[in-house]
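Visitor: Take a look at the following structure, please.
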Amino acid sequence: MKVVTFPIGVRSKVVKEGLTLTPLISNLIAKHKDLDSILAINILDSYKVDRKKYLKSYLDTLESQNINFDTIWLDDNPYDMDVILNNIKNLYKIGLISTQTKKVNVCKCGRVEYLNSDYLHKGARLYTLINNKVICKKCKSETVAIEKKVLTMNFPRHIQQPLSVSPKNMVKEVAEIMNRISGMEYMVSRVRDTGVYIELDENRYNIDIDFYWLNLLSCFNDKEFIVVGSNHVTWHLCLIHALNAINKKNTNIVLTPYIYNKDDILIENHIKHNSVNFKLALLSHLSWKKGFSNWESKLLDKINRLEEYEVEYIIKNILNNEYENFNICEKINKNLVLREIKNAKSK
């Protein structure tokens, strides 16, 4: 069994605080369960943006927080690309993926593409819904329908639920999403050139980058995985599980909370940013039941006043606690950290 992060997109040399949270939780689970850990990184980009130039600054930030992984998986690795494309070809051979002439809704710049049968999200990253119209956030145009020969995938009508879901309050939402995915039609190819293509029956199809890396677990021989990602990408993690289940493998899903910065706090003014102190700061702001929290300057200052040996003692104590299954996640929160800070100060 391996612990794998949801593919993380690095888009800037400036690493946002929240981008280290999923790797941190994944790292803690792997250490606690003594499992191999994989950091998955999304390098490929449909719009030819060179994301690889941002990779070093991201990995350096993780290293400064002592967040380490056994393997760093990049989606542009040629060997893994062959594995994933062969997995897609196999889905075509067994009939789950097929060629169809469909009406595809596209915007002017091509960033938004979807079938009429697709489930549209109100909080989607690429488009907004206004008076039942789909508007691209980039080019501001409304999508129009065109006929196109595309690859579509029809998910099986009965897909097993994940082995476990953490936190527990997300179990119902995951079950509802899995019910929507069961029997759903998904557009695998894209009208635009995505930079990743496949040839089937002498026809070339541009593969949707998202669908491409949703197949990442096919690159590993393990029969069971713990997949860790933000609760903002619950839909995508469920799709990863669905594809994993088709390959007769099991998935445990861990959905991390989101930490906002509503008060525009300059974190570096309150804490030693490139240190284990920041690692503890992240843990102290986790709110698993709410699913989100906000940075607190007073709490950051409290952590900043700790000595390095005290921080290491606290994190060690957190890891040494006994947790059932993968509920190590739900037990780590502000109250636990404050209690451990008090214990550290009494030593």
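Readers should treat all values here as calculations from the given coordinates under stated rules, not as data from a laboratory. Nothing here was measured: the structure is a model prediction, and the numbers come from that model. Backbone-built Cβ (ideal geometry, glycine too); neighbour counts: all protein chains shown.
Visitor: Helix 334-346 against the longest principal axis of the chain: what's the angle in degrees, Cα atoms only, rounded to the nearest 10?
Guide: Around 30 degrees separate the two axes.
Visitor: Please determine, in degrees from 0 to 90 and to the nearest 10, the orientation of helix 308-320 with respect to the longest principal axis defined by the Cα atoms of the chain, where the helix direction is its Cα long axis.
Guide: Approximately 60 degrees, to the nearest ten.
Visitor: For segment 162-270, what relative contact order do you get, as a whole percent, if you take Cα pairs closer than 8 Å and at least 6 residues apart?
Guide: So the answer I get is 32 percent.
Visitor: Leaving out same-chain residues fewer than 8 places away, which aspartates and glutamates sit with a Cα under 13 Å from that of Lys249?
Guide: Qualifying aspartates and glutamates at Cα under 13 Å: Asp222, Glu224.
Visitor: Can you tell me how segment 108-237 classifies by the Cα gyration tensor, rounded, prolate or oblate, using a/c under 1.5 as the rounded cut?
Guide: Oblate, because a/c is 1.5 or more while a/b does not exceed b/c.
Visitor: A follow-up question, please. Helix 78-93 against the longest principal axis of the chain: what's the angle in degrees, Cα atoms only, rounded to the nearest 10?
Guide: 50 degrees
Visitor: Which peptide among 231-238, 157-164, 99-106, 276-283 comes first, and what is the full order, when sorted by highest mean count of other Cβ atoms within 10 Å?
Guide: Ranking the peptides 231-238, 157-164, 99-106, 276-283 by packing returns 276-283, 231-238, 99-106, 157-164.
Visitor: Separate question: Looking at segment 196-347 only, what percent of DSSP beta bridges run antiparallel? Nearest 5 please.
Guide: 30 percent
Visitor: Another question, if that's okay. With the dipole of segment 176-266 worked out from charges on the C-beta (+1 for Lys and Arg, -1 for Asp and Glu) around the Cα centre, which of Leu200, Val188, Cys238 lies farthest toward the positive end?
Guide: Comparing the listed Cα positions along the dipole, Cys238 ranks first.
Visitor: How high is the relative contact order of the chain? Use alpha-carbon pairs under 8 Å, at least six apart in sequence, and give a whole percent.
Guide: So the answer I get is 17 percent.
Visitor: Further question on the same structure: What whole number of Å gives the distance from the Cα centroid of segment 51-85 to the Cα centroid of segment 218-279?
Guide: Taking the Cα centre of segment 51-85 as reference, the centre of segment 218-279 is 15 Å away.
Visitor: Go through the chain and flag any cysteine with no other cysteine's C-beta closer than 4.7 Å, please.
Guide: So far as the 4.7 Å Cβ criterion goes, Cys219, Cys238, Cys329 stand without a partner in the chain.
Visitor: Arrange Asp34, Asp118 by Cβ neighbour counts within 10 Å, fewest through most, would you?
Guide: Asp34, Asp118
Visitor: So how long is each side of the chain along the principal axes, counting just the alpha-carbon atoms, biggest first, in Å?
Guide: 70, 42, 37
Visitor: A further question on this structure: Provide Tyr58, Tyr313, Tyr260 in ascending order of the number of other Cβ atoms located within 10 Å of each residue's Cβ, fewest first.
Guide: By the 10 Å Cβ count, ascending: Tyr260, Tyr313, Tyr58.
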